[in-house]
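Participant: Here's a structure for you.
The values are calculated or read from the model by the stated rules, or taken from the named source; none is laboratory data. Since the structure is predicted, the reported quantities are computational estimates derived from the model, not experimental observations. Note that each Cβ is placed from the backbone with ideal geometry, even for glycine, and that neighbours are counted across all protein chains shown. Heavy atoms of the whole protein, side chains included, go into the accessibility calculation; ligands, DNA and RNA do not. Shrake-Rupley method; radii C 1.70, N 1.55, O 1.52, S 1.80 Å.
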Amino acid sequence: MNKTVRKAVIAGNWKMNKTPAEAKALLEEIKPLVKDAGCVVVVCVPYVDLAAALEATAGTGIGVGAENCHWEVSGAYTGEVSAQMLASMGVQYVIIGHSERRTYFGDTDVTVQKRARAALDAGLTVILCVGETLEQREQGITAELVAMQAKIALQGVSREELARVIIAYEPVWAIGTGRTATAEQANEVCALIREVVKELYDAGAAQALTIQYGGSMNAKNAAELLAQPDVDGGLIGGASLKAPDFAEIVKAATVG
Ligand code: PGA
């Protein structure tokens, strides 16, 4: 992390976990543990938990996010939720392009770009996920693939809007597997993403961009990952569901 030039952001990704009552209980546990956080703390929760999460976090500084949004404002899209709907509730963040959405729900680089565009238009901050599969890493195409995902998603995003974009580098092989990228591997790809952003915009924009690592980040390995110069935070799945573990990661980002 380089907190002199950019914000460190620790975001929980609860995925399809927790009822509204459980969400409230978990946040009540998290709140006192992160009250002195020296980084931005966000929880991204299932749609049905958003109201409870907003209520539980009111006045705490903890940001609330959704895990996806549709690209249209409204219309005949059964089962979908628009970015405007999220913004109207007071939601500030949304994860876009998570590998589980790409793998199980047909998200592509093109739909990811459309969703990100809609989220920015609605005033949300986008946590844009990119990352390679194990097969792609073994094929030696990680750099090209991640650059392509980032470039397509950022199409049409102005330099000004980029201030509301966080990129999360999440190697697919590290998500939920307990197999974390080494700190060097994480930093290498985060640095590469920063280079891509520098090419697309300029050095200042690249330096200001928060780039998270995600994939089995936990209380034990967070400090080492966050000590890397280009890793500015984490997108945390499993460990974000346990208040002490999540708080430990927030602490690692506070100290670093
Ligand atoms: P994990 O998930 O921390 O459980 O690996 C990270 C993510 O999918 O964002």
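Participant: State to the nearest 20 debye the size of the charge dipole of the stretch 117-222 about its Cα centre, where the only charges are +1 on K and R beta carbons and -1 on D and E beta carbons.
Facilitator: Working: 9 positive and 13 negative charges, 54 e Å.
That gives the stretch 117-222 a dipole magnitude of about 260 debye.
Participant: Which of the three applies to the stretch 127-179, rounded, prolate or oblate, going by the alpha-carbon gyration tensor with a ≥ b ≥ c and a/c under 1.5 meaning rounded?
Facilitator: Working: a/c = 4.33, a/b = 1.76, b/c = 2.47.
Because a/c hits 1.5 or more and a/b fails to exceed b/c, the stretch 127-179 counts as oblate.
Participant: Hey, what's the stretch 103-145 come to in accessible area per residue, 1.4 Å probe, Å²?
Facilitator: Numbers: 1980 Å² over 43 residues.
Here the residues of the stretch 103-145 average 46 Å² of exposed surface.
Participant: Round to a whole number: what % of the accessible area of the stretch 107-185 belongs to carbon and sulfur, probe 1.4 Å? All intermediate terms of the calculation are to be shown ahead of the outcome.
Facilitator: Values: 1710 of 3290 Å².
So the carbon and sulfur contribution to the accessible surface is 52 percent.
Participant: Taking GluC sites (Glu not before Pro) as candidate sites, keep only those in a DSSP loop with at most 16 other Cβ atoms within 10 Å, then name the longest stretch of the chain containing none of them. Walk me through the numbers before you get to the answer.
Facilitator: Working: sites that count: E72, E80, E160.
So the longest stretch without any such site is 161-256.
Participant: Can you compute the charge dipole magnitude of the chain about its Cα centre, using +1 on each Lys and Arg Cβ and -1 on each Asp and Glu Cβ, nothing else charged? Give it in debye, rounded to the nearest 20. If you can, show how the numbers build up before the last one.
Facilitator: Working: 23 positive and 30 negative charges, 81 e Å.
Roughly 380 debye, rounded to the nearest 20.
Participant: Put +1 on the Cβ of each Lys and Arg and -1 on the Cβ of each Asp and Glu in the chain; which of A8, T180, Q139 then has its Cα farthest toward the positive end of the dipole?
Facilitator: Looking along the dipole axis, the top candidate is A8.
Participant: All other residues with a Cβ under 15 Å from the Cβ of N17 taken together, and with Lys, Arg as +1 and Asp, Glu as -1, what is their net charge?
Facilitator: -2
Participant: Quick one: net charge around V73, please, counting Lys, Arg +1 and Asp, Glu -1 for every other residue with C-beta under 14 Å from its C-beta. Show your work: numbers first, answer last.
Facilitator: Values: positive: K114, R115, R117; negative: E72, E80, D121.
So the surrounding residues net to 0.
Participant: Let a ≥ b ≥ c be the square roots of the eigenvalues of the Cα gyration tensor of the chain; is it rounded (a/c under 1.5), or, if not, prolate (a/b larger than b/c) or oblate? Let's see the in-between values first.
Facilitator: Working: a/c = 1.40, a/b = 1.08, b/c = 1.29.
Note, shape of the chain comes out rounded.
Participant: Once amide H atoms are placed 1.01 Å from N in the peptide plane, what residues at a sequence separation of 5 or more from V42, or on another chain, have their amide H within under 5 Å of its amide H?
Facilitator: I10, A11, G12, G63
Participant: Now for a separate question. Around V110, with a cut-off of 12 angstrom between Cβ atoms, what is the net charge of the other residues, counting Lys and Arg +1 and Asp and Glu -1? Write down the numbers at each step before the final one.
Facilitator: Numbers: positive: R102, K114, R115, R117; negative: D107, D109.
Combined, the nearby Lys, Arg, Asp and Glu give +2.
Participant: Take the alpha carbon gyration tensor of the stretch 56-109, find the square roots of its eigenvalues, order them as a ≥ b ≥ c, and report rounded if a/c is under 1.5; if not, report prolate when a/b exceeds b/c, else oblate.
Facilitator: Working: a/c = 3.00, a/b = 1.47, b/c = 2.03.
It is oblate, given that a/c is not under 1.5 and a/b is not larger than b/c.
Participant: Right, here's the next one. So how much slack lies between V73 and M16, counting 0.36 nm per residue of separation and subtracting their Cα-Cα distance, in nm?
Facilitator: Details: separation 57, 0.36 × 57 = 20.52 nm, distance 2.38 nm.
The span from V73 to M16 would gain 18.1 nm if fully extended.
Participant: I need the calculated FRET efficiency for the pair D121 and V255, taking r as the beta carbon distance and R₀ as 45 Å, to the nearest 0.05. Before the final figure, lay out the partial values.
Facilitator: Values: r = 37 Å, r/R0 = 0.81.
Rounded to the nearest 0.05, the efficiency is 0.80.
Participant: So how far, in whole Å, is the C-alpha centre of the stretch 55-108 from the one of the stretch 1-25?
Facilitator: 14
Participant: Taking the alpha-carbon centroid of each part, what is the distance from the stretch 196-214 to the stretch 221-256 in angstrom?
Facilitator: Rounded to whole Å, the Cα centres lie 20 Å apart.
Participant: Give me the distance in nm between label points sitting 7 Å out from Cα along the Cα-to-Cβ direction at E184 and A227, one decimal.
Facilitator: Computed distance between label sites E184 and A227 equals 1.5 nm.
Participant: Determine the relative contact order of the chain: mean sequence separation of Cα pairs under 8 Å and six or more apart, normalised by residue count, in whole percent.
Facilitator: Values: 526 pairs, mean separation 61.9, N = 256.
Computed value for the chain: 24 percent relative contact order.
Participant: What does the extension gain come out to for A208 and Q155, with contour length at 0.36 nm per residue minus their alpha carbon separation? Don't skip to the end; give the middle numbers.
Facilitator: Numbers: separation 53, 0.36 × 53 = 19.08 nm, distance 1.84 nm.
That works out to 17.2 nm of additional length.
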